[in-house]
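Each remark here refers to the structure printed beneath this line.
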Amino acid sequence: MCPLKLAVGLLPVVMLAGCARSDVIDGVPSVGAPSTFMGTLPCADCPGIDYHLNLLDDGVYFLQTTYQEREDGVFDDIGRFFFSSDAQALALHGDHDQPLFFEIVTVDKLQLLDRSARKIDSELNYQLTRAPHFEPIEPQSVFEGMYRYFADTGYFRECTTGKRLMVAAEADNRALEEAYLAAIDNPSADALVRLEGRIRQQPSAEGVGAVWALLPKRFIELQPDQICSDPVKRAELKNTQWRALPPLRFQPHLLLRDDGSLVGFDGCNRIIGRYELRGFSIRFLGMATTKMSCFEGMEQAARFMEALESVRHYKIIGSRLEMLDQSGNLKLSFEGIEVE
């Protein structure tokens, strides 16, 4: 039996190096995609919130939440999903301030975690269950993406997910085409557009299977000189600028380089040192700091360095890094910023 530790931190279940679950294949949970997970979760001021989650086979998710007995209580969200590095959790990164986190209880059960990815301390049901068959939803929202009109067909690459969609020649499509042709001289160029629309499945032009397409219900604007930001990616341990959470006035951060060295800032002084990896185990060695005296931040810096020295394991979920001690207790958490 593989021992499991309870983390007093962002994710409740920590699998230590060397352990393996039978439902994990090559480090990825065999949840399978496309798949649908559904359930009714607690609501503070309504009978319940119906969750309908689609995990697509390209790493994109669609989520519809319906607040029961509430007028205009249906909300759609799209984004990218990521498994944690230890294959124990799922992060949904969409067009909202913070990701949603789920513990992977089994391949058929997901448990909603709180905004800090901690287990919700409640006897109420926070689980979603896999549906027997994939049940696609058709998310509706105001979408932003790169549009191109070529060979009498419009194509749209949605900004948040990077998903490429054919644009249906219906609804407000003519206004979209006309705005593009009036602003763009090069027919192969992309332009940033905003529109109100619906993503749906429709028969493939080849007559085999179905494809995802965008129905442009209302064209809003076209900005030919603007581009999308890159879709969020799962952060890598190395060559990522890791900023400590929560955000602080004197912000500690770390950068782990390919050669085993690290540099950073403890909130008061610059840090240099080394690190060693073995699976998901990590140790920091030869840590040293400059000796600047800070009017503010010295106590925070001392706590940060003490926590860093106690770290023995790590895991990454989406753009978040957790560092844990030998017993699986959360010591530090970071958000990642990719280093060019």
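The values are calculated or read from the model by the stated rules, or taken from the named source; none is laboratory data. None of the values given here were measured: they were computed from a predicted structure. As a convention, Cβ positions derive from the backbone with ideal geometry for all residues, glycine included, and neighbour counts pool all protein chains shown. Please note that ligands, DNA and RNA were not included when accessible areas were found on the heavy atoms of the full protein model with its side chains. Shrake-Rupley method; radii C 1.70, N 1.55, O 1.52, S 1.80 Å.
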Please go through segment 259-284 and pick out each residue that is in a loop (DSSP other than H, G, I, E, B) and surrounded by 20 or more Cβ atoms within 10 Å (Cβ to Cβ).
ASP266, GLY267, CYS268, PHE280
Do you know which residues across segment 107-129 are assigned to a loop (DSSP other than H, G, I, E, B) and either over 18 Å from the mean Cα position of the chain (by Cα) or in contact (Cβ under 8 Å) with a residue 24 or more places away in the chain (or both)?
VAL107, ASP108, SER116, ALA117, ARG118, ILE120, ASP121, SER122, GLU123, LEU124, ASN125, TYR126
Expected output for segment 173-202 (first residue closer than 13 Å to MET146 by Cα, partner of a type in the set (A, V, I, L, M) and assigned to a loop (DSSP other than H, G, I, E, B), Cβ below 7 Å, 6+ apart or cross-chain) is ALA191/ILE184; LEU192/ILE227
For segment 84-105 the number of residues that are touching a strand residue (DSSP E or B) at 6+ places or on another chain (Cβ under 9 Å), at pLDDT below 85 and of a type in the set (Asp, Glu) is 2
Given the conditions (1) closer than 20 Å to PRO247 by Cβ; (2) open to solvent by 20 Å² or more (accessible area, probe 1.4 Å); (3) assigned to a loop (DSSP other than H, G, I, E, B), every one holds for SER293 apart from (1)
Report yes if THR161 is surrounded by fewer than 16 Cβ atoms within 10 Å (Cβ to Cβ) and of a type in the set (Ser, Thr, Tyr), otherwise no.
no
Taking PRO132 as the residue in question, decide whether it is under 21 Å from VAL60 (Cα atoms), assigned to a loop (DSSP other than H, G, I, E, B) and either touching an Asp or Glu at 6+ places or on another chain (Cβ under 9 Å) or not aromatic (Phe, Trp, Tyr) (or both).
yes
Looking only at strands (runs of 3 or more DSSP E) that lie completely in segment 1-70, which have at least 1 residues being at pLDDT below 75 and under 15 Å from LEU90 (Cβ atoms)?
13-15
A careful count of residues in segment 227-275 that are under 17 Å from ILE317 (Cβ atoms) and acidic (Asp, Glu) gives 1
Do you know which residues across segment 301-340 are among the basic types (Lys, Arg) and either open to solvent by less than 50 Å² (accessible area, probe 1.4 Å) or assigned to a loop (DSSP other than H, G, I, E, B) (or both)?
ARG312, LYS315, ARG320
What's the number of the only condition in (1) in contact (Cβ under 8 Å) with a residue 24 or more places away in the chain; (2) more than 18 Å from ASP225 (Cα to Cα) that VAL208 fails to meet?
(1)
